[in-house]
1. At 7 Å along Cα-to-Cβ for each site, give me the label-to-label distance between Asp129 and Ile201 in nm.
2. How far, in degrees from 0 to 90, does helix 5-31 lean away from the longest principal axis of the Cα atoms of the chain, to the nearest 10?
3. Which of these values of semi-axes √(5λ) of the Cα gyration tensor in Å was calculated from the structure shown: (1) 40, 32, 20; (2) 36, 34, 25; (3) 50, 26, 22?
4. Grab the Cα-Cα distance for Lys515 and Asn52, subtract it from 0.36 nm times how many residues apart they are, and report the gain in nm with one decimal.
5. Just to confirm a number: summing +1 for Lys and Arg and -1 for Asp and Glu over residues other than Glu470 whose beta-carbon lies under 14 angstrom from that of Glu470, what do you get?
6. At most 13 other Cβ atoms within 10 Å plus a DSSP loop assignment makes a site exposed; report the longest stretch of the chain without any exposed trypsin sites (Lys or Arg not before Pro).
7. Would you mind calculating the gained length between Val394 and Asp498 on full extension (0.36 nm times residue separation, minus the Cα-Cα distance), in nm to one decimal?
8. Can you give the relative contact order of the stretch 198-267 as a percent, counting alpha carbon pairs under 8 Å and 6+ residues apart?
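Each reported figure results from applying straightforward, stated rules to the coordinates on display, with no laboratory input. Keep in mind the model is a prediction, meaning the values are calculated, not measured. As a convention, Cβ positions derive from the backbone with ideal geometry for all residues, glycine included, and neighbour counts pool all protein chains shown.
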Amino acid sequence: MKINRLLYRFLTIITLCFSKEAEIRESWAALLNSNFEQVHATHHINNLIRQNAIPSSKMEKDLLDKIGIKVLDEKLLAMMPEQMNDIYQTSHFNIHYDTDGSSGSVSLNDVNNNSIPDYVENMGLIFEDVYYFFKDSMGYDITFLNSQNVGNNKYDIFIDNLPTNYFAITYTTSFINQASTSCGSYIKMRNNYNGTAFQNITELENIKITAAHEFFHAIQFSYNCYERFWLMEATAVWSEDEIYNEINDHYRYMPSWFQNSAKPIDDESSHMYGSFIFFQYIDEHLGGYETIKNIWERSRSNANSVNDVSFTSINEALESVGSSFSGALNNMRIANRIMSSHPNADPFTYLEAESYPVTGPLEIAQLYFEDQIIEYSQNYLAVNSANYIKLDLVAPAKISISILDGYVDDLFHAIVFKHKDRDAWTIRSGNNFNIDPTVGIDWATIIINTQSQNQDRWSYKTKIESGISEELIVNNTYPNPFIKNENEFISRFISTIDQNINISIYNILGKQIFKHKLVLLSGEEQVFKWNLKNNRGNKISSGIYFFEIDGQNERKVKKVTILN
């Protein structure tokens, strides 16, 4: 259905207005939350500042006054605190604190008797570690020009009595570059982490992950002060584990996130903290922390006060390592279902998969097939989200997926199944699949992921009918393109009968460049390794190749793109 352009623009404006109002209400609700849940207050505070959300109730006014946000000339502004009684200066930080017995005072414990409270000294050491990690180990540009102390360009941190369940707050201040896309900032840390909300880990561990998280926000604001909060929070959570891998406080975001895969990855509720898993996947498979840094460098180049540049920046950074936003998102969705660190699952693995507090995403439906045709429809799949559907198959099944609105390529479809009693998985992508459960299956799942932003939502239909028996399964010719890794291409074969197979590889012109024979035994997995050389022993060039696998009763052809 086509909508008049003016009407479409009007509806878009109305939608944006309601969306902003909802975001403001969510931020007020989170900041005023009196439960024992930890609150990352930074994005809520800066959301109110961005939206100029003037407080309307006494409770809201009192909260802003307590955390240092003032209303001046009908504008919300973060006001850097007045000079505190004491300053502990490290190489790169001014750490402001009080010891006057007020509610914001720090403990006076001083084991080494150097007149600096241990709490303050530890915080200084931790922030220096964080500084050097982001600057030297990860290569971020760290430039801050808004120190409270004249002639001292060190970054300001204030230790204060924050609301009960706030981790910390990074406040944005004035713009610091001519393009007006980069903000200065300062951080308020808690004067203790003794509260109920922080008892899962030690006080020192709370300071470590909070320092990493908040200082990365400071870096983000200096790169692009307008960047969307989902990208800021997801990468900030990711950064905690990069520097403090042994703490794993970020695991607590995973159960809720995996129960809500149908939420967009850029949903800016608390869901966005669990979206760190996307950047964890990128880190482990698509260029490491350098790619995450590249995302922020692209964000700085693309910065815009109006338009969302988060997806553009991610896509540009991923293209530099031979991938894309949609390709990485599709792969992550598969990795989330497999949830394994086993090399047989590569590149759909996580190093810490067996330690994660999840085994996979919520499957929104279970489809049982024996001999009757089954049809299942889903009328709402949001942009940047995914559905997982469990399959329970008794007989060979033909599975087809059709889009009811939108373009065929808007959605990515895959079926993943784990082979019974072995660390082996089969992944098939496309719109039509055949699965024979007699090969031995522990579980099978349909994955449907949006890979387009052409519209806000889609609907689709899944149909299951009688399929055919399979004697030969060919694994690991997905994903495409295949990027050369250690100069070796690996594929795995599983057969339900004893048989000999012939493997022939052809170039785009149809010329056979390689051939090989394998003997397969029923129920066993065989690994085929190709060193990317032709029959003459010469390295092949990048391009499209066709794998022809001839078995006793089946012939399969797989297309693979090889990239240098």
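1. Here the modelled spin labels are 1.1 nm apart.
2. The two axes meet at around 60 degrees.
3. Checking each listed value against the structure points to (3).
4. Extra length from Lys515 to Asn52 when fully extended: 160.0 nm.
5. Working: positive: Lys398, Arg428, Arg555, Lys556; negative: Asp436, Glu471, Glu554.
Cβ neighbours under 14 Å give a net charge of +1.
6. On the way: sites that count: Lys2, Lys420, Lys511, Arg536.
Answer from the scan: 3-419.
7. Working: separation 104, 0.36 × 104 = 37.44 nm, distance 2.31 nm.
Result: 35.1 nm gained on full extension.
8. On the way: 33 pairs, mean separation 24.6, N = 70.
It rounds to 35 percent for the stretch 198-267.
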